[in-house]
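What follows is calculated from the coordinates using simple rules that are stated; it is not laboratory data. If you're wondering where the values come from, they're calculated on a predicted model, not measured in any experiment. For neighbour counting, all protein chains shown are included, and Cβ atoms are generated from backbone atoms with ideal geometry for every residue, glycine included.
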Amino acid sequence: MDLNSLLIFLLIGAIAGWLAGQIIKGGGFGIVGNIIVGVVGAIVGGFLFRALGIVSYGLIGSIIMATVGAIVLLFLIGLIKRA
């Protein structure tokens, strides 16, 4: 992975984490928190999309996939916190 790919990956993670924070919690988590939530969300989203047979292409597709994964991640964390 070269430097450009890493920067794009982190940017997608930051955007997806921020979007998920806006949708689920009502606010962001700071830049580092957004990146962490977005990167883990991208992993979760990739797994979910593959399991459902959905394919995402390009930058927008990657952001959507990571955001969906981050929303699912935050929802599950919220369920665990309530228990």
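Here is how the numbers come out for the structure above:
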| read-out | value |
| --- | --- |
| Kirkwood Rh (inverse of mean 1/r, distinct Cα pairs), the chain, angstrom | 12.5 Å |
| Cβ-Cβ FRET estimate between Leu76 and Ile8, R0 fixed at 22 Å, reported to 0.05 | 0.25 |
| Between 0 and 90°, nearest 10: helix 58-82 axis offset from the chain longest Cα axis | 20 degrees |
